[in-house]
Amino acid sequence: MEVIQRILRVIRANFNNLVNNAEDPEKILETAFMEMQENLVQLRQGVAQAIATQKRTERQAAAGESQGEEWYRRAQLALQQGNESLAREALTKRKFYQETATTLISQIQQQKDVVAKLKQDMRTLELKLAEIKTKKDMYIARARSAEASYRLQEMLTGTSTTSSLGALERMEEKVLQIEAQSEAMSQLGGDDLEKRFAFLDVHNDINTELAAMKTDMLDQGENPQPDHNLPKTPEP
């Protein structure tokens, strides 16, 4: 359980680091989670090594038992041939391998307990990591949402937005001013030929009206003095 406690201390330390470095919570959370994953990888490697050691000890114990049985068979063979001294030596060998096998078998049980504990710790850490990953994703989503909201509020209330709106308003005024100037120039300017013909139309209307007035006066028996300042009426 010491491994789990150590890893959990790392987790708490990383989240404390998150609180102290709130300017980049997403990076802190990702870094902390990666460190936890590395711890899990190391724990899995430890479990694999413990299992390998257990398997090796089991093979050694089985080999010791097999050697003990072989030396017992040889002791029987020596005794059958009347060689009691050789049989005694074979039994001594058998006892050595039996004791070795017994010691290894006791180690196997201890190793099984270690492997079972490591597996339990590994499953506990995997569950913790799954829980932390869910919280990490949630905190990152909340951090992104909060940052987006903050930037939006900054855009709506910040000086940069006010300056931008002011620039747009000034541009609008400038465009309106240019349009007004253009309209005035078109009214004052225009086609010179069209203005000349318009002047002729007005002048012709005046001459026509003046001729009509003269005709009326002649019809009434009056003889007005000619006005040399007035333009002459063109002959029809």
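Just give me the residues in segment 109-143 being among the hydrophobic types (A, V, I, L, M, F, W, C) and over 30 Å from GLN60 (Cα atoms), in sequence order.
Answer for segment 109-143, where residues must be among the hydrophobic types (A, V, I, L, M, F, W, C) and over 30 Å from GLN60 (Cα atoms): LEU125, LEU127, LEU129, ALA130, ILE132, MET138, ILE140, ALA141, ALA143.
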Is it the case that THR161 is at pLDDT below 75, among the hydroxyl-bearing types (Ser, Thr, Tyr) and in a helix (DSSP H, G or I)?
yes
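Just to be sure, is LYS119 touching a residue at least 24 places away in the same chain (Cβ under 8 Å), open to solvent by 90 Å² or more (accessible area, probe 1.4 Å), part of a helix (DSSP H, G or I) and at negative phi? Lay out the reasoning, then the answer.
Details: touching a residue at least 24 places away in the same chain (Cβ under 8 Å): yes; open to solvent by 90 Å² or more (accessible area, probe 1.4 Å): no; part of a helix (DSSP H, G or I): yes; at negative phi: yes.
Here the answer is no, as LYS119 does not meet what is asked.
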For segment 74-90, check the following and say yes or no: at least one residue is touching a Ser or Thr at 6+ places or on another chain (Cβ under 6 Å), at pLDDT 90 or above and either open to solvent by less than 70 Å² (accessible area, probe 1.4 Å) or not in a helix (DSSP H, G or I) (or both).
no
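The values are calculated or read from the model by the stated rules, or taken from the named source; none is laboratory data. Just so it is clear, the model here is predicted, and its values are computed rather than measured. Note that each Cβ is placed from the backbone with ideal geometry, even for glycine, and that neighbours are counted across all protein chains shown. Keep in mind that these areas ignore ligands, DNA and RNA; they rest on the heavy atoms of the full protein, side chains included. Shrake-Rupley method; radii C 1.70, N 1.55, O 1.52, S 1.80 Å.
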